[in-house]
1. Based on the mean of other beta carbon atoms within 10 Å per residue, what is the order of 47-55, 183-191, most packed first?
2. Can you give the FRET efficiency to the nearest 0.05 for Q30 and S78, using r as the Cβ-Cβ distance and R₀ = 22 Å?
3. Debye sum, Cα scatterers, the stretch 5-211, no solvent: what log₁₀ I/I(0) at q = 0.19 1/Å?
4. Straight-line reach from K132: which lysines fall under 24 Å, measuring Cα to Cα and dropping same-chain residues less than 8 apart?
5. Hey, what angle do you get for helix 84-98 against the long axis of the chain, alpha-carbon based, 0 to 90 degrees rounded to 10?
6. Most fluctuating residue of G192, G41, G81 in a GNM of the chain with Cα springs under 10 Å: which is it?
7. At q = 0.17, 0.19 Å⁻¹, what log₁₀ I(q)/I(0) does a Debye calculation on the Cα points of the stretch 128-222 give, no solvent, two decimals?
8. How do the peptides 122-134, 203-215 rank, highest first, by the average count of neighbouring beta carbon atoms within 10 Å per residue?
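Values in this text are rule-based calculations from the coordinates and carry no lab data. Since we're looking at a predicted model, the values are computed, not measured. Positions of Cβ are backbone-derived with ideal geometry, glycine not excepted, and every protein chain shown enters the neighbour counts.
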Amino acid sequence: MGQEISLAQFRQWLLVYADRIADAEPLLTQLDAAIGDADHGVNMRRGLQKVCERLDDGGLHCADVGSLLRTVAMTLISSVGGAAGPLYGAFFLRAAQESNGNTGVTLEQLAAMFRSGLEGIQQRGKAQPGDKTMVDALLPAVKALEAAAAAHQPAGAALAAAQAAAEQGLQHTAEMQANKGRASYLGPRSIGHQDPGATSAFLLVAAAAATLGQPVHADQSAARH
């Protein structure tokens with residue numbers, strides 16, 4: 001059995017993701033202004049700030065990975081406006097079901113969690129690959145993670161491969177015509193614009209690569225920079 005990814009690493013993942021979303025808020029706003037409502041950045045920042053507040057004030061005293069992710073899901077659903085809240089909520093809720101109440105997970109289990117989370121997003125949003133959504137960044141990442149897990153690669157290398165695949169998928173969204181959400185109303189005019197949801201999904205994978213594949217030191221759990 002390979003290296004286990006700990007509950008502390010999952011906590012750190014959320015903190016790093018929140019920081020990256022905060023840094024990317026202007027970009028997400030710009031991208032969403034081109035093909036959406038221009039609110040994806042502020043909505044995501046607000047929701048993840050709520051998650052961080054619960055982490056900081058001790059409100060997320062969760063004993064296992066599943067309970068942590070379920071609490072995160074409900075926080076995002078209740079605080080992120082637009083379609084993003086239910087979609088990210090679906091991701092974390094479905095991922096939580098795969099963790100089986102463990103305080104740590106293997107890379108194989110993590111890949112199954114990401115696959116289940118992706119399926120939750122697709123079930124909720126009815127999006128398919130090529131529709132110019134967050135699925136187009138997450139699906140390549142999940143496939144890369146599954147392949148790396150099957151090859152018994154270290155977690156760090158596996159998550160780096162997932163990040164690279166997610167970035168490539170994200171870049172391809174600029175070439176696509178949107179078939180879902182407000183962007184679909186633009187028809188061919190949506191081509192040439194990077195999808196904001198795929199961008200925030202890429203940041204989720206990138207934050208995972210920076211944390212879930214790396215050991216967490218004692219002084220890191222309270223640090224977000």
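1. 47-55, 183-191
2. Step by step, r from the Cβ atoms, then E = 0.25.
3. -1.41
4. K143, K180
5. Between the helix axis and the principal axis of the chain, the angle is about 30 degrees.
6. G192
7. Debye curve over Cα of the stretch 128-222, log10 I(q)/I(0) at q = 0.17, 0.19 Å⁻¹: -0.70, -0.80.
8. Ranked by mean Cβ neighbours within 10 Å, highest first: 203-215, 122-134.
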